[in-house]
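The block underneath contains the structure these notes are about, expressed in structure tokens.
The values are calculated or read from the model by the stated rules, or taken from the named source; none is laboratory data. All of these numbers come straight from a predicted model, not from anything done at the bench. We place every Cβ from the backbone using ideal geometry, glycine too, and count neighbours over all the protein chains shown. In case anyone asks, the SASA skips ligands and DNA or RNA and just uses the protein heavy atoms, side chains included. Shrake-Rupley method; radii C 1.70, N 1.55, O 1.52, S 1.80 Å.
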Amino acid sequence: MNDIGADIVGLIGPLFTIGLFVFLLTRGRKKRVKPKEPEQREPRWEHVLSYLGGRFKEISLDGVRAVYCYDYYPTGKFEDISEKDLLRREEILRFKDGDSAPMAEQLIDFIRGNFWKVSLPQWVVCAIPASTREKHSRRYAKLLQEVSDATGIGNGFECIRIKFDRKDSREKKQSNTVYNLEFDRSKIHGKWVLLLDDITTRGTSFSQCAQKLYACGAEYVCGFFLGKTVNF
């Protein structure tokens, strides 16, 4: 009996040592968890009204969401306006003449503040064309490239092209405002589109362009304007 007890006691030591070794070995081999892929998120629209002191105001045009920077008081309709509103009107008019800085600064701030960086490759920024190819290129060619370089959003200058020049919409009203435009489906399909214009008044051009973009397979469309015309 004494021999059996001694044998058991003799076995306990090696078994304990082996068990401890196995425990330490398996403990060091923790299962590696594969890091999660970053989520693809929509722009944080709930922050739009409060971002940067509320400088961007949200509107809905035929159910399509958009933001604008300033109230716009047209020349000849509103002359008795504040100095701040006068400076903003001049800023918009400078943009119409080809100075991209007013729009670029606002647009870059908006994108950086409201879009998730990881989702930017899904987006393209494009513009509702001006009445002529010369005006459109002057206002938007440099702007879209500058914004794309600064933020990583796709340059969508070629998404919407002018087939032929038309009269200014203020000179001749058209129920169909996109009749002289062509939309490149290959550059639009599957994309989320940030659609620009300098000013929106009734939102007709924006709404019709948004509908055409959706018809070409855009996943999502939202708008950005420097100004929104004040009713008079």
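At a glance:
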quantity	calculated
Flag if residue 81 is open to solvent by less than 40 Å² (accessible area, probe 1.4 Å) and free of Cβ contacts under 8 Å to residues at least 12 places away in the same chain	yes
Number of positions in the range 164-189 that are over 25 Å from residue 74 (Cβ atoms) and either at pLDDT 95 or above or surrounded by 14 or more Cβ atoms within 10 Å (Cβ to Cβ) (or both)	8
Criterion (farther than 22 Å from residue 69 by Cα and either open to solvent by less than 50 Å² (accessible area, probe 1.4 Å) or modelled with pLDDT of 95 or more (or both)) met by exactly one of 156, 227, 223, 217	217
Conditions (1) open to solvent by less than 10 Å² (accessible area, probe 1.4 Å); (2) in contact with a Pro (Cβ under 7 Å, 6 or more places away or on another chain); (3) of a type outside the set (D, E, K, R); number of the one not met by residue 127	(2)
Every residue from the range 115-146 that is out of contact with any strand residue (DSSP E or B) (no Cβ under 6 Å at 6 or more places or on another chain), of a type in the set (A, V, I, L, M, F, W, C) and at pLDDT 90 or above	130, 141, 143
The range 100-124: number of residues that are within 12 Å of the chain's Cα centre (by Cα) and open to solvent by 40 Å² or more (accessible area, probe 1.4 Å)	7
Flag if residue 194 is buried (at least 16 other Cβ atoms within 10 Å of the Cβ), out of contact with any Leu (no Cβ under 7 Å at 6 or more places or on another chain) and not in a helix (DSSP H, G or I)	yes
Within the range 132-143, considering residues that are under 15 Å from residue 107 (Cα atoms), open to solvent by less than 70 Å² (accessible area, probe 1.4 Å) and touching a residue at least 24 places away in the same chain (Cβ under 8 Å), the one farthest from the chain's Cα centre (by Cα)	139
